[in-house]
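The values are calculated or read from the model by the stated rules, or taken from the named source; none is laboratory data. Computed from a prediction, not measured in an experiment: that's the story for all the values here. Glycine gets a Cβ as well: all are built from the backbone with ideal geometry, and neighbour counts include every protein chain shown. These accessible areas exclude ligands, DNA and RNA; they are computed on the full protein's heavy atoms, side chains included. Shrake-Rupley method; radii C 1.70, N 1.55, O 1.52, S 1.80 Å.
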Amino acid sequence: MDFAAQIAMARYERIGEILGRCMERVEKPESFSDMIDKVVLDRYLGIPVFLTLMWAVFQFAFSVSAPFSDAVDVFFSACSDWAKNTITDPQLASLIGDGIFGGLGFVLVFLPPIAFVFMALAVLEDTGYLSRAAFVMDRAMTKVGLQGKSFIPMLLGFGCNVPAIMATRTIENEIDRKITIMVNPLMSCSARLPVYILFAGVFFEKYAGAVITSMYLLGILLAALMATLFRKLVFGGKPSPLLLEMPPYTVPTLRGVFTSAWVRTRVFLKKAATVLFIGAIAIWFLSTHPWQATEGGSVVENSYAAVIGHAVEPLIRPLGLDWTAGIALFAGFMAKEIVVGTLGIVYGVGEENVASAIVSHFTPASALAMMVITLIYLPCLATIGILRQELGGWKWTGFVVAYELVLAYMVAGIVFLGCKLVGVA
Amino acid sequence: MKLSEVEPGSVVVIADVHGNPEVRKKLLDMGLIKGAEVKVVRNAPLKDPMEIEVKGYNLSIRKVEAEKVLVVER
Amino acid sequence: MIRTALAGNPNVGKSVIFNALTGAKQKIGNWPGVTVEKKEGICNYKGTEIQVTDLPGIYSLTASSIDEKIARDYILDEKPDVVVDIVDASNIERNLYLTMQLMEMEANLVIALNKMDLAESKGYRIDVRKLSNEIGLPVVPMVAIRNEGVEELKQTVVHAANSPKKPAIRYSDEVEEAIGEMEKKVTKERILPEYPSRFVAIKLLEGDKTILEKAGKRTEV
Ligand SMILES: Nc1nc2c(ncn2[C@@H]2O[C@H](COP(=O)(O)OP(=O)(O)O)[C@@H](O)[C@H]2O)c(=O)[nH]1
Ligand SMILES: [Mg+2]
């Protein structure tokens, strides 16, 4: 026998001696915890119970938190309006109203879902169900290069990638955690849905539902593919062993749950929030300047953002997209929620009439390409801030941005050409 | 016999632990040492991983790792 | 000021104890270069300031994972005055495995024996005084979720800082023989002299990669 085994045995032997002299074990009937597990981890009930709980977690994280986010939004919109109405210098009014208050609102709307995600996670962790959830899902997740504990962060990605990526903190294994973070932006967050609804609704009428669903499925498929690839190519293909302790169930304490949620939420405020705020101001500047040319920030066509839109046009031309799509995608980099709104501004029609305006700028094939790009192309600014925080620097964040751009271009290209081949214009 | 093949409900004794040094060390650290009693509690709903009881606590272990643990009847 | 580090397996109640000790006065950051959370805080016992650093939850000190590496390097290189080893009483056998390794490192240890309530309901009757005598270290029984034992822990930490204890831990003769031989070599060739020689010997015998690397940088082992 080698020394590693010998000393492990020697240590346990020594422990046995010590405990033999100071501890007695009284046989106890089957514990409460074991009885719960008989149901919760049952061969047939295990998965339904798991899915029900996951549904509840998702609802709690995004539906229950929504009114709080709305309140934040309303508050900062009001601040913004107030600033614009009271400050006489229009450029300063725009800076304070749209830039600063707009930026603050943009950053702080993430606070409620983050806090709620962490409360839900703390409850799962403290009750002891989190490791059971991993136990139930591990098999399925290892098939796609992830592991049991990746499931919850991936699921939360459908709501918003920011709290989802922060939720990977429950994954102890560094490589597993990195991979889960890196593919998370491929889970289609709720901010991308309006883009799908618009384009699918206009160009695929009857089949809109199917087209939208396939965007979500495409995201999942690509996440699985990339996770497998990353594990093989970037991390040397070594699967990390899963040795997960299954602690007895306990009743969580309110204080414990709140402390844990608060402590983790504070990390977001302290770290990511500053990066995001600066980014928000930068984007405000690009879309409203040069001040004269944009006539005080109202003619987007003449802004630096439009310059960028035109600059990317040659790149996206082969996908059937023009510079208006370029500006919308650039704006989407700030937050995917504003892609539709930006198109409205660019076409000068307002958000309600975008539908009729896009008909002349897109075809069914290029609309599909646009949806695919929106799904994949770039993590939004907030996600980039979180990626940097959780991946520990710009190196891996840059990697994520780069692979997503390339992937978006490739997949959109395939979809566009595929459409042409089967005769969809 | 491999630990991965043991039916839920049975109690067995570890005879040897193989595997690459890193994984093996990990298993040893978690108490999967020669002579230790292990109870197989259940398999996950998707058959893998499995839950075992060792050294007075419950541990989830994947079948690939459990294959590296050789056990004998008590 | 006394510098302490909290060590222990995952899920032993480390966060609860850290919060009970430091309250709202805590600083969250990351360990340098990695994405593992680092928490620090300050508490006070009768006028003595105690600085508390929360180490990642770990099962072993072989440095095979980043968490283990952080914990081990911190104890070896930062040399905290006291290491509080939090042991889950309801899972005592496996938890003491880390204690054995912390003793091998010759850290100045205090054992916080947490979850005494759970141990009881599991049918474990632990004689704390005897346990303390057996391993030669102070042991503080705790039920951290009910705040029981927190003051005693502070008191014990202050006491331990003033009178450090590093009891030897001895294994079977066969193992000791191997360790002894390697230790001689370690001392003679001055391999990693800044660390305890017995600890270095054990790690070299275990084939611990990071220690082998560290040693190899200076001498050929
Ligand atoms: N019964 C009992 N549970 C405890 C005690 N201390 C902590 N816990 C629970 O143990 C779980 C893990 O605690 P936590 O502090 O998060 O552990 P950590 O992983 O070591 O930081 C939580 O559900 C706590 O509520 C205790 O003294 N008794
Ligand atoms: Mg904790």
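For peptide B:57-69, what's the mean number of Cβ atoms from other chains within 10 Å of each residue's Cβ?
Mean shielding count: 5.
In degrees, nearest 10, range 0 to 90: what is the angle between the Cα axis of helix A:3-22 and the longest Cα principal axis of chain A?
Between the helix axis and the principal axis of chain A, the angle is about 60 degrees.
What is the average number of partner chain Cβ atoms found within 10 Å of a Cβ in A:20-30?
So the per-residue partner count for this stretch is 5.
Once the dipole of chain A is set up with Lys and Arg at +1 and Asp and Glu at -1 on Cβ about the Cα centre, which of A:Phe75, A:Val401, A:Met23 lies farthest towards its positive end?
A:Met23
Could you check the simple spin-label distance between A:Gln292 and C:Lys130, using points 7 Å along Cα→Cβ, in nm with one decimal?
Distance between the two pseudo-spin positions: 9.1 nm.
Got a sec? Charge dipole of region C:2-162, +1 on Cβ for Lys and Arg, -1 for Asp and Glu; which of C:Ser60, C:Val150, C:Leu131 is way out at the positive end?
C:Val150
Once each part is reduced to its C-alpha centroid, what is the distance from region A:279-323 to region A:408-425 in angstrom?
A separation of 26 Å, based on Cα centres.
How many nm separate the modelled label positions at A:Lys38 and C:Asp173, each set 7 Å beyond the Cα in the direction of the Cβ?
Taking the simple label geometry, A:Lys38 and C:Asp173 are separated by 5.0 nm.
Give me the log10 of I(q) over I(0) for chain A at q = 0.07 Å⁻¹, as the Debye formula computes it from C-alpha points; what are the numbers?
These q points yield log10 I(q)/I(0) values of -0.41.
Quick check on my link table: of A:Lys270/C:Lys39; A:Lys149/C:Lys79; B:Lys26/B:Lys63, which ones sit more than 26 Å apart, alpha carbon to alpha carbon?
Where the Cα-Cα span goes over 26 Å, the pairs concerned are A:Lys149/C:Lys79.
Could you order A:Thr324, A:Thr127, A:Thr86 by accessible surface area, starting with the largest, using a probe radius of 1.4 Å?
Largest accessible area first, the residues go A:Thr86, A:Thr127, A:Thr324.
What order do you get for B:13-22, A:95-104 when each peptide is scored by the mean count of other beta carbon atoms within 10 Å, highest first?
Descending packing order for the listed peptides: A:95-104, B:13-22.
Applying a 10 Å radius around every beta-carbon, put C:85-97, A:353-365, B:28-40 in order of their mean neighbour count, most first.
Top to bottom by mean Cβ count within 10 Å: C:85-97, B:28-40, A:353-365.
What nm value, rounded to one decimal, do you get for the distance between B:Glu5 and A:Glu30 when each label is placed 7 Å out toward the C-beta?
It works out to 2.9 nm between the two label points.
Please compute the per residue accessible area over region C:173-216 with all protein chains in place, 1.4 Å probe, rounded to a whole number of Å².
Here the per-residue accessible area is 51 Å².
Which FRET efficiency value, to the nearest 0.05, do you get for A:Asn85 and A:Thr363 by plugging their Cβ-Cβ distance into 1/(1 + (r/R0)^6) with R0 = 45 Å?
0.60
Using only atoms on other chains, find how many Cβ atoms lie within 10 Å of each Cβ of peptide C:90-103 and report the average.
Shielding by partners across C:90-103 averages 6.
Return the value, in Å² to the nearest 100, of accessible area buried between chains A and C (probe 1.4 Å, both sides summed).
3900 Å²
Could you size up the charge dipole of region A:294-412 around its Cα centre, putting +1 on the beta carbon of Lys and Arg and -1 on that of Asp and Glu, and report it in debye to the nearest 20?
Here the size comes out at about 400 debye.
Report, in degrees rounded to the nearest 10, the 0 to 90 angle that the Cα long axis of helix A:364-376 makes with the longest principal axis of chain A.
50 degrees
Return the FRET efficiency for the residue pair A:Val299, A:Leu417: r is the Cβ-Cβ distance, R0 is 41 Å, and the value is rounded to the nearest 0.05.
Efficiency computed from Cβ-Cβ geometry: 0.70.
Note the full-extension length gain between A:Thr250 and A:Leu269 as 0.36 nm times their separation in residues minus their Cα-Cα distance, in nm to one decimal.
Computed gain between A:Thr250 and A:Leu269 is 3.8 nm.
Calculate the FRET efficiency for A:Leu315 and A:Lys232 from the Cβ-Cβ distance with a Förster distance of 22 Å, rounded to the nearest 0.05.
Taking R0 as 22 Å, the efficiency between A:Leu315 and A:Lys232 is 0.15.
What is the packing order of peptides C:170-178, A:298-306, taking the mean over residues of other C-beta atoms within 10 Å and listing the highest first?
Ranking the peptides C:170-178, A:298-306 by packing returns A:298-306, C:170-178.
How would A:Trp262, A:Trp284 rank on accessible area, largest to smallest, probe 1.4 Å?
If we order A:Trp262, A:Trp284 from most to least accessible, we get A:Trp262, A:Trp284.
State the percent of C-alpha pairs, over all pairs in region B:3-73, separated by a distance greater than 13 angstrom.
Of the Cα pairs, 59 percent sit more than 13 Å apart.
What's the angle, to the nearest 10 degrees (0 to 90), between helix A:273-288's Cα axis and the longest principal axis of chain A?
10 degrees
Rounded to the nearest 10 Å², what accessible area does A:Phe285 have for a 1.4 Å probe in the complete protein model?
About 90 Å², ignoring ligands and nucleic acids.
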